[in-house]
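Notes follow once the structure below has been shown.
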Amino acid sequence: MKQRVVIVGGGAAGFFLAANIYADNQDVIIIEQARQPLQKVRLSGGGRCNLTHACFEPHELVASYPRGSRELLGVFSRFQPADTIQWFENKGVMTYTDDEGCVFPVSDSSLSVVDVLMREASRNGVEVRCGVTVKEIVKTVDGFEIKTDKGVYISDIVVITTGSSRRMWEVTAKLGHNIIPPVPSLFSLVCRDNLFRDLAGTVFANSEAAVPQLKIRQSGTLLITHHGLSGPVILRVSAFGARELNAMDCKFDLKINWLAISREDAVELLKFEKRRKPAGHLYSSNIKQVTSAFWKNILQKANISDRLWADLSNENINHIAEYLTNTTLKITGRNTMKEEFVTAGGVDRREIDFKTMQSKIHPNLYFAGETIDIDGLTGGYNFQACWSEAYIISRMIK
């Protein structure tokens, strides 16, 4: 069967392209392996769908992409979060921004996003065929042959928007494209240190995490879990160090500054507490954003028994301050977050013209979304790359 455009992949990028493709186009189809399209959109944000992030300056926005920041600068200069918000609101999906800068539909339901994408694709005459598995794509003199388990499609233009599909990376490699080996990004860390005893669910609103041997340092909210550490600061560490941490089998030393203050400031804080309540017992106290349970565990970690603040020596204070601002933890593995799972890897960025999102190897072959070696932090950044790249392709296909 002959098609003018075949979009391989019925996810965010594929449907946003279909929703924006010129309405007078004929013979445009989406083929999707799953029985239901837009699966990741449906599940994202716990079913709320974090559409994008409220960062409207491209130079600032690209800082949240561990891989692809240079290439995305031009992409976001043409279609950025403000355009995404306007597009969805023009289609009836009103949005709001939370305290973290994440943008959600007012409905707090991903179905609002799914419905509008499917509606606009249908309005543009794009046919969706689910349950179709692509086996091979062959470049021909006149276009492409897309060989599937449901037959062969002939097309003038192919757009690959299949996300982190290893099978489709193999198909793309046979077309001559280099695939950067994928590794996990955005994961929490496994740590069995006794400091975390009975502390699952404890949050530090402002902390710092560093991997000294990789010269990675990030700041933000940290969460102690049943398995170790998570939260935005840990996800940022995992994203910016994804490839190196994978090479280390995710076994490394992590430095934590629980208060995100200097050691000297921590010493002064402790001395102030000593002056303020000299007759108070250490174990029944807590300071700053530290919970009582964590404070007690820190004291035990520092081998300091319960005593009065007045009995705390300068050496004791220095010891506690060191643990509060420079705890060394042994990380022994990773826990991927299924709802936020992202890979670092994919089609080599050097083989794509980011002015058009077209392959530099084969004319009329385009890429968008996580199939490319581009990934962002959690918080709507990965969807924004999908929307922007797909929109650019929609302007190219006329």
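The values are calculated or read from the model by the stated rules, or taken from the named source; none is laboratory data. Because the structure is predicted, anything quoted here is derived from the model rather than measured. With ideal geometry, Cβ positions are generated from the backbone for all residues, glycine too; neighbour counts draw on all protein chains shown. To get the accessible areas, we keep the full protein, side chains included, count just its heavy atoms, and leave off ligands, DNA and RNA. Shrake-Rupley method; radii C 1.70, N 1.55, O 1.52, S 1.80 Å.
Return the single residue from 193, 142, 156 with maximal mean-square fluctuation; model: Gaussian network over the chain, springs between Cα atoms under 10 Å. It is 142. A value for Rg/Rh (Cα atoms, Kirkwood Rh) was derived from the coordinates, and within the list [x] 1.09; [y] 0.96; [z] 1.03 it appears as [x]. Accessible surface calculations at 1.4 Å, restricted to protein heavy atoms, place the chain at 42 Å² per residue. Based on the reciprocal of the average 1/r between different C-alpha atoms, the Kirkwood radius for the stretch 230-300 equals 14.8 Å.
Per-residue accessible area (protein heavy atoms, 1.4 Å probe) orders 130, 55, 250 as 130, 55, 250, starting from the largest. Report the percentage of all Cα-Cα pairs in the stretch 1-55 whose separation exceeds 14 Å, rounded to a whole percent. Taking all Cα-Cα pairs of the stretch 1-55, the fraction more than 14 Å apart is 60 percent. Taking the 1.4 Å solvent-accessible surface of the chain as the whole, the part contributed by carbon and sulfur is 49%. Here each label is just a point 7 Å from Cα along the line to Cβ, and for residue 111 and residue 89 those points are 2.5 nm apart. Give me the base-10 log of I(q)/I(0) for the stretch 163-255 at each q in 0.14, 0.16, 0.20, 0.25 Å⁻¹, Debye formula, one uniform scatterer per Cα, rounded to two decimals. Per q value, in the given order, log10 I(q)/I(0) is -0.59, -0.70, -0.93, -1.26. With Cβ to Cβ distances under 12 Å as the rule, what net charge do the other residues near residue 6 carry (K, R +1; D, E -1)? Residues close to residue 6 contribute a combined charge of -1. Note on the chain: antiparallel DSSP beta bridges, both residues inside, total approximately 75 percent of the bridges counted. If R0 is 22 Å, the Cβ-Cβ spacing of residue 318 and residue 206 corresponds to a FRET efficiency of close to 0.45.
Approximating the spin labels as points 7 Å out from Cα along Cα→Cβ, the residue 174-to-residue 199 distance works out to 5.2 nm. Note on the chain: GNM, Cα springs under 10 Å; of 124, 382, 194, the largest mean-square fluctuation is that of 194. Protein-only accessible surface at a 1.4 angstrom probe places the residues 332, 325 in the order 332, 325, largest first. Extending 7 Å from Cα along the Cβ direction at residue 305 and again at residue 4 yields two label points whose distance is 8.4 nm. If you take all C-alpha pairs in the stretch 285-356, what percent of them are over 15 Å apart? Value for the stretch 285-356 (Cα pairs over 15 Å): 71 percent. Counting only heavy atoms of the protein chains and using a 1.4 Å probe, residue 381 has close to 20 Å² of accessible surface.
Given 0.36 nm per residue, what is the gain on full extension from residue 26 to residue 78 after removing their alpha carbon distance, in nm?
16.1 nm
Counting every C-alpha pair in the stretch 186-344, the share spaced more than 23 angstrom apart comes to 38%. Expressed in units of 2.2 N^0.38 Å, where N is the residue count, the Cα radius of gyration of the stretch 268-398 is 1.91. Starting from the Kirkwood Rh over alpha-carbon pairs, what translational D in µm² s⁻¹ does the stretch 68-189 have by Stokes-Einstein at 20 °C and 1.002 mPa s? Estimated diffusion coefficient is 118 µm²/s. Spatially, the stretch 259-277 and the stretch 301-375 are offset by 28 Å when compared through their Cα centroids. With a cap of 15 neighbouring Cβ atoms within 10 Å, and only residues DSSP puts in a loop, list the trypsin sites (Lys or Arg not before Pro) found in the stretch 32-80. In loop regions of the stretch 32-80 (DSSP not H, G, I, E or B), the sparsely surrounded trypsin sites (Lys or Arg not before Pro) are 35. GNM remark for the chain: springs join alpha carbons under 10 Å apart, and the peak mean-square fluctuation among 107, 284, 188 falls on 284. Excluding residue 390 itself, what net charge comes from residues whose Cβ is under 13 Å from its Cβ, given Lys and Arg +1 and Asp and Glu -1? Residues near residue 390 contribute -2 overall. For the stretch 290-307, 3J(HN,Hα) computed residue by residue from phi via the Karplus equation (6.51, -1.76, 1.60; θ = phi - 60°) reads 7, 6, 4, 5, 5, 4, 5, 5, 4, 4, 5, 4, 7, 6, 10, 7, 5, 6 Hz, glycine and proline entered as x.
Helical runs assigned H by DSSP (4 residues or longer) give the chain a calculated mean residue ellipticity at 222 nm of -10000 deg cm²/dmol, each run adding -39500 (n - 2.57) before division by the residue total. With one equal scatterer per alpha carbon and no solvent term, the Debye-computed log10 I(q)/I(0) for the stretch 27-94 at 0.17, 0.24 1/Å reads -0.86, -1.08. The residues packed around residue 243, meaning those with a beta-carbon under 12 Å from its beta-carbon, carry a net charge of -2 if Lys and Arg are +1 and Asp and Glu are -1.
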